[in-house]
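All remarks here apply to the structure that follows.
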Amino acid sequence: MTQHRIPLAGVIGHPIAHSKSPQLHGHWLKKYGLAGHYVPMDVAPDDLGVVLRSLPKAGFVGANVTVPHKETALRLADFVSKRAKLIGAANTLFFGEDGKIYADNTDGYGFMQNLRDGAPDWSPSDGPAVVFGAGGASRAVLQGLLEAGVPKIMLTNRTQARADQLKEEFGDRITVVDWIQAGNVIEEAELVVNTTSLGMQGQPELRVPLDGLQPGAVVTDLVYAPLKTKLLQTAEDAGCTTVDGLGMLLYQAVPGFERWFGTRPEVTDDLRAAVLG
Ligand code: ATR
């Protein structure tokens, strides 16, 4: 007789207490009445390899990985998706029955789904995007936008060398724009994205002159604490469509949950409330 084990999954980070993923997956497991567990795991960097190899034997079907393990998890995986390779980091792992580790990155997907949900009239072919920031989050946004077919991305970062590096990796549709001059290209944009940590609680604001923005342009911020950043408030006052960053966190979790627990979950207002609560 085949023994069906209750599927286990979780999130691996260091530290891990701040992670919203257990609330998120826990909400869906309960909502859909599924047998399964999702647990937070605090794993020190030196232990990651051993832990990843032992999880499939312990009944885990996969895991999310967060700071500081996203790049190492990619290196340790047996198979890597195209988008995870391009982003250079993994956020979602699937374990085969043979114990093999498959690494994916759903952050760019989560970004795009959130954008499509919050700005249904926006289309990738509308025109150029301006992206602020060239860190890990920016890499996921670039992957999502380029895969969706955005024709041109003007990328700007305080440390320009990091933006130049991303142009090398992501190709000719990226144009690097000087950080101080970035306000000048805003009027060309159909989409403005903040991927920096500016605007987060306790951080300075990202100050961008938005008066030149096209009517109908969309402004989105990856920051979700606070939900309405100064950037989004300014954009709203200027008549733009705005999209906050919480949905990206929620949507990036969908592919993992579906694969591990067998049900495609929905991103709804009650989920947003549960994660914020
Ligand atoms: P993440 O993985 O969240 O993207 P990261 O890789 O540390 O984190 O990147 C943080 C981003 O926020 C970078 O674009 C960073 O700019 P630098 O590359 O110049 O450091 C940006 N950032 C953070 N603090 C900033 C500040 N005070 N002014 C301008 N940009 C800032």
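State which residue pairs qualify: first residue aliphatic (A, V, I, L, M) and inside region 223-240, second residue buried (at least 20 other Cβ atoms within 10 Å of the Cβ) and in a helix (DSSP H, G or I) in any location, beta carbons under 7 Å apart, and separation of 6 or more residues or different chains.
Going by the 7 Å Cβ cut-off, the qualifying pairs are L227/L246.
Restricting the first residue to region 177-188 and requiring it to be more than 16 Å from V218 (Cβ to Cβ) and part of a helix (DSSP H, G or I), which pairs with a second residue that is open to solvent by less than 30 Å² (accessible area, probe 1.4 Å) and modelled with pLDDT under 95 meet a Cβ separation below 9 Å and a spacing of at least six or different chains?
A182/V208; G183/V208; G183/L210
For region 192-206, indicate whether the set of residues that are surrounded by 14 or more Cβ atoms within 10 Å (Cβ to Cβ), more than 16 Å from G88 (Cβ to Cβ), of a type in the set (V, I, T) and away from the ligand (no atom under 16 Å from the Cβ) is non-empty.
No; the residues of region 192-206 include none that is surrounded by 14 or more Cβ atoms within 10 Å (Cβ to Cβ), more than 16 Å from G88 (Cβ to Cβ), of a type in the set (V, I, T) and away from the ligand (no atom under 16 Å from the Cβ).
Would you call V50 away from the ligand (no atom under 16 Å from the Cβ), open to solvent by 30 Å² or more (accessible area, probe 1.4 Å) and assigned to a strand (DSSP E or B)?
Answer is no for this residue.
Do you know which residues across region 256-271 are out of contact with any Lys or Arg (no Cβ under 9 Å at 6 or more places or on another chain) and buried (at least 18 other Cβ atoms within 10 Å of the Cβ)?
Within region 256-271, G256, W260, F261, V267 meet the criteria.
Right, G247: crowded, with 21+ Cβ neighbours inside 10 Å and within 15 Å of the chain's Cα centre (by Cα) or not?
The answer is yes for G247.
For region 53-98, how many residues are among the hydrophobic types (A, V, I, L, M, F, W, C) and surrounded by fewer than 15 Cβ atoms within 10 Å (Cβ to Cβ)?
Selection size over region 53-98: 3.
Name the residue that is farthest from the ligand (Cβ to nearest atom), counting only residues in region 103-144 that are among the hydrophobic types (A, V, I, L, M, F, W, C) and under 21 Å from E71 (Cα atoms).
The selected residue is A103.
The values are calculated or read from the model by the stated rules, or taken from the named source; none is laboratory data. Keep in mind the model is a prediction, meaning the values are calculated, not measured. Using ideal geometry, Cβ is built from the backbone for each residue, glycine included, and neighbour counts are taken over all protein chains shown. What goes into the accessible areas is simple: the full protein's heavy atoms, side chains included, and nothing from ligands, DNA or RNA. Shrake-Rupley method; radii C 1.70, N 1.55, O 1.52, S 1.80 Å.
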